[in-house]
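Read through the structure below, which is laid out as structure tokens, and then see the notes.
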Amino acid sequence: MRHGNLFVISGPSGAGKGTLVARLVREVPDAWVSVSATTRAPRPGEVDGVHYRFVSDEEFDRLVATDGLLEWAVYGGNRYGTPRATVEEHIAKGDQVILEIDVQGGFQVRDKMPSARLVFIEPPSLQVLEERLRGRGTETEEAVAERMETAKVELSRKMEYDVRLVNDDLDGAVRALAGYVDEQAERTRG
Ligand code: 5GP
């Protein structure tokens, strides 16, 4: 059996992290994706407990106060955090635990768990990123502009990640991501 490992997947909103991670879990049988807590309102189609745990500000305060989060950050005016207990349980069980979180969170995870592997997903270009964000149709113009600014900040930190994958061809990016997770997990086979 492989030992449990922790992987952080970051990259600008619209880079296609969600789709990549959904495909990754079909390719890598012991991969498990953490469900974050957030104070953001659900988008149409998002299900509580599946995409996120949607919590109130008070509930989020309580999670922070009780050290219930491995990391947390403010993104676009909302708070997002990784529940600590479930992540620790799945690592102990031998899963390849995947956190789809922003760069602020990624660096907090690296500080707390230096063995974590940080993967940065890059969009093919800023123009493609903007088109994808608009195409979603769920974001206001103001939110698109804000996410583009955040994207530039995130992209400026990509060299601090362990690896970078350009998501220009989905199948190729899935293969590269699954290949990286498998390669790292095999190093810890007991
Ligand atoms: P969205 O609102 O588009 O679902 O997510 C916005 C950003 O928050 C994305 O970059 C996403 O990866 C990040 N995010 C989601 N969950 C977490 C979390 O638990 N912690 C941190 N630090 N970022 C998160």
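Across region 15-121, the fraction of Cα-Cα pairs farther apart than 19 Å, rounded to a whole number, is 44%. Indicate, rounded to the nearest 5 percent, the antiparallel portion of the DSSP beta bridges found entirely in the chain. Of the beta bridges lying entirely in the chain, close to 30 percent run antiparallel. Using equal-weight Cα scatterers in the Debye expression, the normalised intensity of region 140-190 in log10 at q = 0.19, 0.21, 0.23, 0.30 Å⁻¹ is -0.82, -0.89, -0.93, -1.03.
The antiparallel fraction among DSSP beta bridges confined to region 1-99 stands at about 45%. A 1.4 Å probe over all protein chains sorts 113, 1 by accessible area into 1, 113, starting with the largest. Between residue 127 and residue 183, the simple spin-label model (points 7 angstrom out along Cα→Cβ) gives 3.1 nm.
Label sites at residue 59 and residue 168, each approximated as a point 7 angstrom past Cα along Cα to Cβ, lie 4.2 nm apart.
Panel values: the chain, Kirkwood radius from alpha carbon pairs, Stokes-Einstein at 37 °C and 0.692 mPa s, translational diffusion coefficient 193 µm²/s. Between residue 19 and residue 112, the simple spin-label model (points 7 angstrom out along Cα→Cβ) gives 3.1 nm.
Put simply, the amide H of residue 118, placed in the peptide plane, has neighbours under 5 Å in 8, 162, 163, leaving out anything fewer than 5 places away on its chain.
If you take all other residues with their beta carbon under 12 Å from the beta carbon of residue 112, and give Lys and Arg +1 and Asp and Glu -1, the sum is -2. For region 1-64, the C-alpha radius of gyration divided by 2.2 N^0.38 Å, with N the number of residues, is 1.31.
Bridging of residue 152 to aspartates and glutamates at a Cα separation below 14 Å is possible for 102, 122, 130, once same-chain residues fewer than 8 apart are set aside. When 159, 148 are compared by accessible area at a 1.4 angstrom probe, the order from most to least is 159, 148.
The values are calculated or read from the model by the stated rules, or taken from the named source; none is laboratory data. Note that this is a predicted model, so its numbers are computed, not measured. We place every Cβ from the backbone using ideal geometry, glycine too, and count neighbours over all the protein chains shown. Note: accessible area is taken over every heavy atom of the protein model, side chains too, but ligands, DNA and RNA are not part of it. Shrake-Rupley method; radii C 1.70, N 1.55, O 1.52, S 1.80 Å.
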